[in-house]
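The values are calculated or read from the model by the stated rules, or taken from the named source; none is laboratory data. Owing to the predicted nature of the structure, the values given are computational and were not obtained by experimental measurement. Counting neighbours? That spans all protein chains shown, and the Cβs are built from the backbone with ideal geometry, glycine included.
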Amino acid sequence: MIDGFLGTSSLPALERSLQFMSARQRLLVGNLANADTPGFRPTDVDPREFQAALRESLESGRLTEQGSLAFDDAAPVRFGESGVELEPQVLADNILFHDGNDRSVERLMQRVTENVYAFRATSQLLRNQFELINAAIRERP
(Lines give C-alpha, C1' and ligand atoms only; values in the text may rest on other atoms or scores of the structure.)
Protein backbone atom coordinates (compact mmCIF):
# COMPACT_ATOMS: atom_id res chain seq x y z
CA MET A 1 0.00 0.00 0.00
CA ILE A 2 1.40 3.39 -0.97
CA ASP A 3 0.38 5.20 2.23
CA GLY A 4 2.64 3.01 4.35
CA PHE A 5 5.81 4.27 2.68
CA LEU A 6 5.64 8.04 3.05
CA GLY A 7 3.90 8.66 6.32
CA THR A 8 0.21 9.00 5.62
CA SER A 9 0.36 10.71 2.23
CA SER A 10 0.41 9.19 -1.22
CA LEU A 11 0.45 12.62 -2.87
CA PRO A 12 4.08 12.44 -4.14
CA ALA A 13 3.45 9.07 -5.82
CA LEU A 14 0.19 10.24 -7.35
CA GLU A 15 1.87 13.43 -8.59
CA ARG A 16 4.69 11.53 -10.30
CA SER A 17 2.24 9.03 -11.79
CA LEU A 18 0.14 11.80 -13.32
CA GLN A 19 3.24 13.50 -14.71
CA PHE A 20 4.37 10.24 -16.30
CA MET A 21 0.97 9.44 -17.79
CA SER A 22 0.59 12.97 -19.14
CA ALA A 23 3.99 12.83 -20.89
CA ARG A 24 3.26 9.33 -22.16
CA GLN A 25 -0.09 10.49 -23.55
CA ARG A 26 1.67 13.16 -25.62
CA LEU A 27 4.00 10.48 -26.95
CA LEU A 28 1.14 8.09 -27.77
CA VAL A 29 -0.93 10.77 -29.48
CA GLY A 30 2.12 11.67 -31.57
CA ASN A 31 2.31 8.02 -32.62
CA LEU A 32 -1.31 8.15 -33.79
CA ALA A 33 -0.79 11.43 -35.61
CA ASN A 34 2.13 9.96 -37.55
CA ALA A 35 0.66 6.49 -38.15
CA ASP A 36 0.44 7.08 -41.93
CA THR A 37 3.84 8.74 -42.29
CA PRO A 38 6.17 6.60 -44.45
CA GLY A 39 9.06 5.24 -42.42
CA PHE A 40 7.55 6.22 -39.07
CA ARG A 41 8.19 3.81 -36.21
CA PRO A 42 6.00 4.34 -33.12
CA THR A 43 7.72 4.64 -29.74
CA ASP A 44 6.58 4.14 -26.17
CA VAL A 45 7.80 3.86 -22.60
CA ASP A 46 6.82 0.66 -20.84
CA PRO A 47 4.62 1.63 -17.87
CA ARG A 48 5.96 -1.40 -15.96
CA GLU A 49 9.42 0.17 -15.98
CA PHE A 50 7.98 3.38 -14.54
CA GLN A 51 6.06 1.40 -11.93
CA ALA A 52 9.23 -0.43 -10.90
CA ALA A 53 11.09 2.88 -10.58
CA LEU A 54 8.14 4.32 -8.62
CA ARG A 55 8.13 1.32 -6.28
CA GLU A 56 11.88 1.70 -5.70
CA SER A 57 11.50 5.41 -4.95
CA LEU A 58 8.64 4.73 -2.55
CA GLU A 59 10.59 2.04 -0.73
CA SER A 60 13.63 4.30 -0.37
CA GLY A 61 11.46 7.23 0.72
CA ARG A 62 13.64 9.77 -1.08
CA LEU A 63 12.01 13.14 -1.67
CA THR A 64 13.24 16.23 -3.48
CA GLU A 65 13.39 19.61 -1.75
CA GLN A 66 9.94 20.37 -3.22
CA GLY A 67 8.47 17.21 -1.65
CA SER A 68 8.25 15.15 -4.85
CA LEU A 69 9.59 11.62 -5.18
CA ALA A 70 13.19 11.36 -6.33
CA PHE A 71 13.94 8.83 -9.08
CA ASP A 72 17.21 7.15 -10.06
CA ASP A 73 18.86 8.35 -13.25
CA ALA A 74 18.67 4.84 -14.71
CA ALA A 75 14.89 4.98 -14.97
CA PRO A 76 13.29 5.36 -18.44
CA VAL A 77 11.63 8.47 -17.05
CA ARG A 78 13.50 11.50 -15.77
CA PHE A 79 11.83 14.16 -13.69
CA GLY A 80 13.77 17.38 -13.97
CA GLU A 81 13.10 21.01 -13.29
CA SER A 82 11.91 21.42 -16.88
CA GLY A 83 9.37 18.62 -16.54
CA VAL A 84 9.20 14.96 -17.48
CA GLU A 85 11.67 13.49 -19.96
CA LEU A 86 10.82 10.11 -21.47
CA GLU A 87 13.31 7.78 -23.10
CA PRO A 88 10.97 5.89 -25.42
CA GLN A 89 11.85 2.69 -27.24
CA VAL A 90 10.75 1.85 -30.77
CA LEU A 91 7.77 -0.49 -30.76
CA ALA A 92 8.35 -3.52 -32.91
CA ASP A 93 5.14 -5.41 -32.29
CA ASN A 94 3.78 -5.44 -35.84
CA ILE A 95 4.73 -6.30 -39.41
CA LEU A 96 7.02 -3.85 -41.17
CA PHE A 97 5.01 -2.50 -44.11
CA HIS A 98 6.37 -1.77 -47.60
CA ASP A 99 6.58 1.96 -46.78
CA GLY A 100 8.92 1.28 -43.85
CA ASN A 101 6.15 1.91 -41.32
CA ASP A 102 5.54 -0.41 -38.40
CA ARG A 103 2.03 0.52 -37.39
CA SER A 104 -1.04 -1.01 -35.90
CA VAL A 105 -3.64 1.66 -35.24
CA GLU A 106 -5.57 -0.78 -33.06
CA ARG A 107 -2.56 -1.38 -30.81
CA LEU A 108 -1.75 2.33 -30.71
CA MET A 109 -5.35 3.07 -29.69
CA GLN A 110 -5.19 0.33 -27.07
CA ARG A 111 -2.15 1.99 -25.50
CA VAL A 112 -3.87 5.39 -25.56
CA THR A 113 -7.00 3.96 -23.96
CA GLU A 114 -5.08 2.11 -21.24
CA ASN A 115 -3.13 5.26 -20.44
CA VAL A 116 -6.31 7.36 -20.28
CA TYR A 117 -7.99 4.93 -17.89
CA ALA A 118 -4.90 4.83 -15.66
CA PHE A 119 -4.80 8.65 -15.69
CA ARG A 120 -8.48 8.87 -14.74
CA ALA A 121 -8.08 6.36 -11.89
CA THR A 122 -5.01 8.17 -10.55
CA SER A 123 -6.79 11.53 -10.85
CA GLN A 124 -9.69 10.15 -8.82
CA LEU A 125 -7.30 8.89 -6.14
CA LEU A 126 -5.69 12.32 -6.00
CA ARG A 127 -9.10 13.98 -5.78
CA ASN A 128 -9.99 11.67 -2.87
CA GLN A 129 -6.77 12.62 -1.08
CA PHE A 130 -7.58 16.32 -1.44
CA GLU A 131 -11.11 15.72 -0.15
CA LEU A 132 -9.65 14.01 2.93
CA ILE A 133 -7.30 16.92 3.50
CA ASN A 134 -10.15 19.42 3.13
CA ALA A 135 -12.28 17.42 5.57
CA ALA A 136 -9.42 17.42 8.08
CA ILE A 137 -8.98 21.17 7.70
CA ARG A 138 -12.71 21.78 8.17
CA GLU A 139 -12.68 19.26 11.06
CA ARG A 140 -15.76 17.49 9.76
CA PRO A 141 -16.41 14.74 7.22
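Points worth noting:
- The residue list Pro42, Pro47, Pro88 contains one member that is in contact with a strand residue (DSSP E or B) (Cβ under 7 Å, 6 or more places away or on another chain), buried (at least 17 other Cβ atoms within 10 Å of the Cβ) and at pLDDT 85 or above, which is Pro88.
- Among the residues listed as Ala70, Ala33, the single one being of a type in the set (A, V, I, L, M), surrounded by fewer than 17 Cβ atoms within 10 Å (Cβ to Cβ) and under 23 Å from Ser10 (Cα atoms): Ala70
- Pairs where the first residue, in the stretch 123-141, is under 24 Å from Phe20 (Cα atoms) and the second is part of a helix (DSSP H, G or I), C-beta under 8 Å, 6+ apart: Ser123/Leu18; Leu125/Leu14; Leu126/Leu11; Leu126/Leu14; Leu126/Glu15; Leu126/Leu18; Gln129/Leu11; Gln129/Leu14
- Annotation: of all residues in the stretch 91-111 being surrounded by fewer than 16 Cβ atoms within 10 Å (Cβ to Cβ) and closer than 16 Å to Arg24 by Cβ, the one that is modelled with the lowest pLDDT is Arg107.
- Test for Thr64: is it modelled with pLDDT of 85 or more and either more than 24 Å from Arg107 (Cβ to Cβ) or surrounded by 11 or more Cβ atoms within 10 Å (Cβ to Cβ) (or both): no
- Scope the stretch 19-30; condition out of contact with any Leu (no Cβ under 9 Å at 6 or more places or on another chain), under 14 Å from Leu108 (Cβ atoms) and buried (at least 16 other Cβ atoms within 10 Å of the Cβ); matching residues: Gln25
- Set Arg78, Arg41, Arg55: member being assigned to a strand (DSSP E or B) and charged (D, E, K, R): Arg78
- Test set (1) at pLDDT below 85; (2) closer than 16 Å to Gly30 by Cβ; (3) not basic (Lys, Arg) - Pro141 fails condition number: (2)
- Test: residue in the stretch 9-32 that is farther than 20 Å from Ala121 by Cβ, modelled with pLDDT of 85 or more and either aliphatic (A, V, I, L, M) or not in a helix (DSSP H, G or I) (or both): yes
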